[in-house]
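Inspection log for the structure reproduced underneath, given as structure tokens.
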Amino acid sequence: MKDLELFQFHLDRATYILRFQDKKLIETWVTELEQHLAPDYIESCLTAAILELSISHSETFHWVLDHLADWKPYKQLLESVTRFALKKLVQKGFMPGGEFSFTADGKILLTENAKATIMKDTVKTDRLLLEKILLTPQQIHLLTT
């Protein structure tokens, strides 16, 4: 139980520090953690903090996704979400090269129908993360105009 309490302490601290939305402060804090904790533990804690913020403080959640895109826990989280989306697309009968494909930056380009289908019955946290990796042709058009 002591390990769980310690993880909860670090999780609470991570969400607290992330809410400052100060990249330099966050980087300094993570550097300090790296001197005392295992990298896998830190990544697990930071990933849990990002997920916690999606529920408790969506403004900070979006800030993290927009400003810490090069952060290893964030990249791993998006890779997991990408695998989740691909699995869901295939399970729903969508085919690569038909209803979906990949962009140069690793996002999934898909039809409106495919996006609507996989977003249906998806919990809020997953929807927020899926929005970061799913693009429809209409969204690309809006980005280029």
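Once a ≥ b ≥ c are taken as the square roots of the eigenvalues of the Cα gyration tensor of segment 41-84, is the result rounded (a/c under 1.5), prolate (a/b larger than b/c) or oblate (a/b not larger than b/c)?
Rounded.
Let a ≥ b ≥ c be the square roots of the eigenvalues of the Cα gyration tensor of segment 1-84; is it rounded (a/c under 1.5), or, if not, prolate (a/b larger than b/c) or oblate?
It is rounded, given that a/c, with a ≥ b ≥ c, falls under 1.5.
Pick from H36, H67, H57: which is most flexible by mean-square fluctuation in a GNM of the chain where alpha carbon atoms under 10 Å apart are linked?
Highest fluctuation among the options: H36.
Distance between Cα centroids, segment 1-76 to segment 99-133: provide it in whole Å.
One Cα centre to the other: 25 Å.
For segment 84-145, what does the alpha-carbon gyration tensor say about shape, rounded, prolate or oblate, given a ≥ b ≥ c as the root eigenvalues, a/c under 1.5 as rounded, and a/b over b/c as prolate?
Taking the square roots of the gyration eigenvalues as a ≥ b ≥ c, segment 84-145 is oblate.
Using θ = phi - 60° and the Karplus relation 6.51 cos²θ - 1.76 cosθ + 1.60, list the HN-Hα couplings for segment 100-116 in order, rounded to whole Hz, with x at every Gly or Pro.
Along segment 100-116, the couplings run 8, 7, 10, 8, 4, 9, x, 7, 9, 8, 9, 6, 4, 4, 5, 5, 4 Hz.
In square angstrom, what is the accessible area per residue of the chain with a 1.4 angstrom probe?
61
Given H placed 1.01 Å from N in the peptide plane, which residues other than close sequence neighbours of F102 have an amide H under 5 Å from its amide H?
Amide H to amide H, under 5 Å and 5 or more residues apart or across chains, F102 pairs with L109.
7 Å from Cα along Cα→Cβ at both H36 and E131: what's the point-to-point distance in nm?
3.6
Straight-line reach from K107: which lysines have a Cα under 16 Å away, not including same-chain ones fewer than 8 places off?
K75, K87, K88, K115, K132
Let me have the 222 nm mean residue ellipticity of the chain computed from DSSP H runs of 4+ only, each contributing -39500 (n - 2.57), with the sum over all residues rounded to the nearest 500.
-22500 deg cm²/dmol
What ³J(HN,Hα) values, in whole Hz, does the Karplus curve 6.51 cos²θ - 1.76 cosθ + 1.60 give for segment 51-63 when θ = phi - 60°, with x put for Gly and Pro?
Listing the rounded values in order: 5, 4, 5, 5, 8, 8, 8, 4, 4, 5, 3, 5, 4 Hz.
Extending each Cα 7 Å along its Cβ direction at K124 and F20, get the distance between those two points in nm, one decimal.
2.7
The values are calculated or read from the model by the stated rules, or taken from the named source; none is laboratory data. None of the values given here were measured: they were computed from a predicted structure. Note that each Cβ is placed from the backbone with ideal geometry, even for glycine, and that neighbours are counted across all protein chains shown. Each accessible area value is taken on the protein alone, full model and side chains, heavy atoms only, with ligands, DNA and RNA left out. Shrake-Rupley method; radii C 1.70, N 1.55, O 1.52, S 1.80 Å.
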